[in-house]
1. Consider a paramagnetic label point 7 Å from the Cα of Lys493 along Cα→Cβ; state which residues of the stretch 146-166 have an amide N under 20 Å from it.
2. How much mean residue ellipticity at 222 nm does the chain get from its helices, if each DSSP H run of length 4 or more adds -39500 (n - 2.57) and you divide by all residues, to the nearest 500 deg cm²/dmol?
3. Quick one: accessible area per residue over the chain, 1.4 Å probe, rounded to a whole number of Å²?
4. How long are the semi-axes of the ellipsoid equivalent to the stretch 238-359, from square roots of 5 times the Cα gyration tensor eigenvalues, in whole Å, largest first?
5. Using the alpha-carbon atoms, what tilt in degrees (0 to 90, nearest 10) does helix 477-494 show relative to the longest principal axis of the chain?
6. Order these peptides, 198-209, 13-24, by their mean beta-carbon neighbour count within 10 angstrom, highest first.
7. May I ask you to derive the FRET efficiency for Lys460 and Asn139 from their Cβ-Cβ distance with R0 = 22 Å, giving the value to the nearest 0.05?
8. 7 Å from Cα along Cα→Cβ at both Arg407 and Lys9: what's the point-to-point distance in nm?
Amino acid sequence: MKIKQKDLKVAVVGAGIGGLATALRLRHLGYQVDVFESSDSFGGKIKELRRDGFRFDMGPSLFTLPQLVKEIFDSYHVDFDKAFPYYALDVVCKYFYEDGLQLSVSSNSSKFAEDAEKLTFESRQRILKFLRKSEYLYNLTSTPFIFNKLFSFSNIFSWPFLKALLNAYRLNSFNSMHEYNKGYFQDKHLVQLFDRYATYNGSNPYQAPATLNVIAHLENNIGAYFPSNGMFQIPVSLYKLACENGINFYFNTKVDAINIKKKKVKSIVVKGEELNYDVVVSDVDIKTLYKKIIRGATLPKRIEKHELSTSALIFYWGISTVFPVLDVHNILFSQGYKEEFENLFQLKNIYHDPTVYIFISSKIVKTDAPEGCENWYVMINAPENIGQNWDQIIQTARKNITEKINRVLKTDIENYILFEERLDPLQIEERTSSWHGSLYGMSSNSVGSAFMRHPNYFSKIKNLCFTGGSVHPGGGIPLCLSSAKIIANHLSKTIIR
């Protein structure tokens with residue numbers, strides 16, 4: 001028989017952004033929701049660091065598609081603008097090249113195209129045409145491939161899915177992102193700029209399908225945003241809303257096992273005690289989940305064989321001066337982009353000339369650093385952890401990073417570093433249970449891995465759902481929020497005891 005939602009008990013394993021959003025969506029539907037988190041706080045990879053008057057966002061640093069957060073607040077009739085103030089960024093990112101070119105990408109696509117025309121060999125019209133194609137890809141793929149379970153009956157026979165199939169030849173799925181971009185743009189600077197979007201889910205632009213050019217639409221057409229109190233404001237606001245609406249949180253409480261019996265969730269095990277739940281939602285990295293937590297099921301072979309995404313090496317520096325040449329988001333590009341990715345994915349190492357990302361939230365949130373100072377979040381892509389000599393890799397990488405910053409910005413950055421904190425693949429693996437420290441689970445280095453990630457639910461195990469960046473539709477805050485929405489839509493219709 002069909003059970004009333006208010007009678008159903010749901011356990012959410014993990015309080016990352018996907019877990020928080022799923023808990024809130026299910027609570028709104030009337031479910032009783034308990035959230036179990038092995039660490040002492042919520043947020044998953046979205047954490048913050050405070051030291052000596054500086055505040056740093058430690059994880060994701062870019063906020064796009066804010067409407068996915070707004071939907072959750074709206075469902076509880078909370079004024080989103082008051083509960084969650086945020087800014088639209090005038091400059092999406094500033095790019096620095098070794099040949100001296102500096103290109104600020106305006107959030108206004110027409111201005112970006114005009115600025116790029118002055119500095120590169122590309123025409124304004126050609127750049128805008130590329131961005132229109134990116135928008136077309138988004139409109140064609142977002143409904144069937146991002147905001148719905150990929151292979152559900154209702155999705156497959158929907159018009160958006162059929163339309164995408166009929167226009168499959170326009171998706172450029174069998175060309176790599178770099179191959180397509182190199183064929184489209186004459187200017188190498190813009191090729192590298194748009195190739196970079198593959199890294200947004202930890203992938204390699206020389207392998208990932210050109211369909212991922214859809215990501216450019218989010219920044220360059222829709223826009224990039226920043227919460228008024230920093231990225232950590234996202235999980236903080238969701239956690240506050242959850243507590244106000246009766247969701248129970250259990251921190252420092254590791255779920256040791258999820259028991260499966262007769263292809264159905266039976267219970268979870270916490271501190272040796274078996275707890276029965278009607279539904280279990282996992283916000284745990286999918287490989288970690290199957291290999292260490294689920295009892296009675298094995299990881300699908302197609303997921304097992306796919307290549308993992310990159311990890312990251314991040315330095316948090318308190319800087320004793322202000323660099324007017326820098327913006328909120330900055331990229332110092334490698335001169336050997338292809339070699340950089342070969343090192344990351346084939347050699348499992350860090351290239352001697354890495355692309356350096358510098359994120360300075362104090363450019364917009366003035367209280368994030370003392371007056372006359374800046375909070376630098378300095379990140380490079382790193383390979384997954386397979387037992388490398390990380391002490392040596394990190395030491396060498398740090399030297400190469402500072403040399404690159406000094407060379408490109410014409411400074412001596414060591415003179416201005418007041419203190420340093422670090423986050424590396426080993427720490428990411430330990431703190432977030434990410435398999436091998438991979439930030440996004442599977443990479444999207446093939447058509448299969450890009451479009452066929454682990455589903456958010458399937459018939460093989462009833463009443464077990466999967467949210468977060470390691471499952472469909474993918475990594476990054478908007479996609480994690482989408483996974484929560486997919487689960488809620490599913491559970492609102494199909495749960496039977």
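The values are calculated or read from the model by the stated rules, or taken from the named source; none is laboratory data. What you see is a predicted model, and the numbers here were worked out from it, not measured in a lab. Virtual Cβ from ideal backbone geometry, glycine too; neighbours counted across all protein chains shown. Just so you know, the surface numbers come from the protein's heavy atoms only, side chains and all, with ligands and any DNA or RNA stripped out. Shrake-Rupley method; radii C 1.70, N 1.55, O 1.52, S 1.80 Å.
1. Those under the cut-off are 146-165.
2. -9000 deg cm²/dmol
3. 41
4. Value: 40, 25, 11 Å, ordered largest first.
5. So the helix axis and the longest Cα principal axis differ by about 20 degrees.
6. 13-24, 198-209
7. For R0 = 22 Å, the calculated efficiency reads 0.10.
8. If labels sit at Arg407 and Lys9, their model points lie 6.0 nm apart.
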